[in-house]
1. Over all alpha-carbon pairs in the stretch 5-54, figure out the percentage whose distance exceeds 17 Å.
2. Considering every Cα-Cα pair within the chain, what fraction, in whole percent, is farther apart than 21 Å?
3. State, as an integer percentage, the relative contact order of the stretch 5-54 based on alpha-carbon contacts under 8 Å between residues 6 or more apart.
Amino acid sequence: MSEQFITVRESAQLLGTSEKKIMDMIDSKELQAYRIANQFLRLKKEEVLNIRNSGTVVNETQKFPYTSAERVADFFYFNDFYIFASVIVIWLLYVIFYT
């Protein structure tokens, strides 16, 4: 593919924003998108660079802190099965060997 068309992801990287923001800009007609083979969504690199140079898009550099409580909650959310299975295995081993 020629370098004049770029993907939504590449556009987001050039503008320093999210892919969702790019899709919102396409929906609101701030950016013109082109479908290639009626499947692939592409944007003209020149249009994206013009928007970047005009300064109309604000970079999304705001980071939200990931607190300790959220880390603990995520740990238990993603590992609950393994913790539960380990407790059952340890209990079964205790029952087998010590009773």
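Read-outs: derived from the displayed coordinates by stated rules, not from any lab. What you see is a predicted model, and the numbers here were worked out from it, not measured in a lab.
1. 21 percent
2. 57 percent
3. Normalised by residue count, the contact order of the stretch 5-54 is 42 percent.
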